[in-house]
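Chemist: Provided herewith is a single structure, encoded as structure tokens, for subsequent inquiry.
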Amino acid sequence: MRTVVHGDVHVHYGQIYVHDEDGEPFGGDLHACFAGQRNGLCGAAVPGTLFLITGLHTGEVGFTAEVHSSEPPDSGGEDVVEASFRAEGRTVLVTWGGSDWWDLELAPGDYRVRYCGTAMDAGRERDTRLGGEPPLDSYVLQFWPAPAAPDVVVRETSAIAAYWHGFARDLPPPPTDEELAARREARQQAEEEARAKAQHEQLLREWGGVLPASPVLDLPPGSLREFAKLDRDLVGAAIAAGPEICRALARRVAHLAFERARLDGVGWIAEGLRALDDGIPLPPPFDDWTAAWDRLLADPDVPHTLVRTPDGRHDNALQQAMAFPAIFAATHEDSLEALGRTLSAAGHAYGDDRPQLLAEARAAVAGLTGSG
């Protein structure tokens, strides 16, 4: 035998618990712990949990917890019950609120539990035991290895024990395995429906209250999805036309951006646009991002004009710098990403005149698809 707890233990609300320290915190569900039982002192209906009742409401009670290798003799308590318990993790005895706890040092496995109470009615009458007052009720909790079996009332003496036994027997039976499975399924379905509703509401906020049709709605996060919020029909028509049209539209939009920023008349930039149209690698300095930007900003033939940023917060953005990324964007290996990035750069280059860009891009789609 090992005695793992011996001394005064503080109880509150006439309760003390045993549960797995690594599991979910015990919530004190009195009805669930005693559902379907004969005894009302040691609630063992919730796996991995024991809900122990004391006579005293608040204060210290004598408490001993023992672990035996086989069934021990009756400890002689006035009120005695037995139930079954399965230990899986670290099993602890814990007070209400978790302020004090003791490791019961149980190896994983199935146990029989005997809970013995003495002077429970005296504790109930006192209700609260203050420090320094004489001891009243006391309890012994014994564990030994044994297969699971129904709970039993071994001995009943006190009125308070009789009350709690009656309480347990009046509870509705615990749910069957089928009922538990149905509840889990219903809970999972409700959670899935809640997630779907939240996702739908988030999409409505993202798209201004009206969702676009697929495949626009299915676009991954990125520049094309963001641009589609300005003109979902334009983006939808481009996607429907296929990757080659998207690629051609990206090239056309890059031209629009460069024309808007008056970059198409600069010799070395015009060569880059011709290479873009021919589908060949961009010539120097476009083969080096840093070198290309250095030349753009240093070349006296490059115009310098200002535009307002799309968010309207600044009106001193260099238009040529806004347009310049479009030529690189149009060469992206993914046609949708190429189109999205190019439209984004062009949108910045057009500044306040985005409606004009949209009109020109729609006309370009119509021309490319023969629908105009």
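Chemist: At 0.36 nm per residue, minus the direct Cα-Cα distance, what do residue 316 and residue 1 gain on full extension? Give it in nm, one decimal, please.
Modeler: Stretched fully, the residue 316-residue 1 segment lengthens by 105.0 nm.
Chemist: Which residues among region 318-344 fall inside the zone where the amide N is under 18 Å from a point 7 Å beyond the Cα of residue 305, along Cα→Cβ?
Modeler: Answer for this model: 318-327.
Chemist: Sort 42, 246 so that the residue with the fewest other Cβ atoms within 10 Å of its own Cβ comes first and the one with the most comes last.
Modeler: If I rank by nearby Cβ atoms, fewest first, I get 246, 42.
Chemist: Also, I was wondering about something else. Under the rule of -39500 (n - 2.57) per DSSP H run of 4 or more residues, summed and divided by the residues of the chain, what mean residue ellipticity at 222 nm is obtained, to the nearest 500 deg cm²/dmol?
Modeler: Mean residue ellipticity at 222 nm (helix-derived): -12500 deg cm²/dmol.
Chemist: I'd like to compare 265-275, 168-178, 193-203: which one has the highest average count of other Cβ atoms within 10 Å, and what's the full order after that?
Modeler: 265-275, 168-178, 193-203
Chemist: In degrees between 0 and 90, to the nearest 10, how far off the longest principal axis of the chain does helix 267-278 point, with axes built from Cα atoms?
Modeler: Tilt relative to the chain: about 70 degrees.
Chemist: Pull out a ≥ b ≥ c, the square roots of the eigenvalues of the alpha-carbon gyration tensor of region 2-173, then state rounded if a/c is under 1.5, prolate if not and a/b is larger than b/c, and oblate in the remaining case.
Modeler: Here region 2-173 falls in the rounded category.
Chemist: So if each residue of separation counts as 0.36 nm, and I subtract the Cα-Cα distance between residue 363 and residue 211, what length gain in nm does that give?
Modeler: Length gained between residue 363 and residue 211: 52.3 nm.
Chemist: Given a Förster radius of 56 Å and the C-beta distance between residue 71 and residue 240 as r, what FRET efficiency does 1/(1 + (r/R0)^6) yield to the nearest 0.05?
Modeler: The calculated FRET efficiency here is 0.15.
Chemist: Additional query: Which whole-angstrom value gives the distance between the alpha carbon centres of region 311-338 and region 116-130?
Modeler: 80
Chemist: A further question follows. Under the rule a/c < 1.5 gives rounded, and otherwise a/b versus b/c splits prolate from oblate, where does region 223-369 land using the Cα gyration tensor?
Modeler: oblate
Chemist: Next question. Which FRET efficiency value, to the nearest 0.05, do you get for residue 288 and residue 233 by plugging their Cβ-Cβ distance into 1/(1 + (r/R0)^6) with R0 = 51 Å?
Modeler: Rounded to the nearest 0.05, the efficiency is 0.85.
Chemist: With a/c under 1.5 counting as rounded, go ahead and sort the chain into rounded, prolate or oblate using the C-alpha gyration tensor (a ≥ b ≥ c being the square roots of the eigenvalues; past the cut-off, prolate if a/b is larger than b/c, else oblate).
Modeler: In terms of gyration-tensor shape, prolate.
Chemist: Where does each of 120-128, 43-51 land if you order them by average Cβ count within 10 Å, highest first?
Modeler: Result, highest mean Cβ count within 10 Å first: 43-51, 120-128.
Chemist: What nm value, rounded to one decimal, do you get for the distance between residue 259 and residue 133 when each label is placed 7 Å out toward the C-beta?
Modeler: According to this spin-label approximation, the distance is 9.4 nm.
Each reported figure results from applying straightforward, stated rules to the coordinates on display, with no laboratory input. From a predicted model like this one, the values you see are computed outputs, not experimental measurements. Don't worry about glycine lacking a Cβ; one is built from the backbone with ideal geometry, like all the others, and counts go over all protein chains shown.
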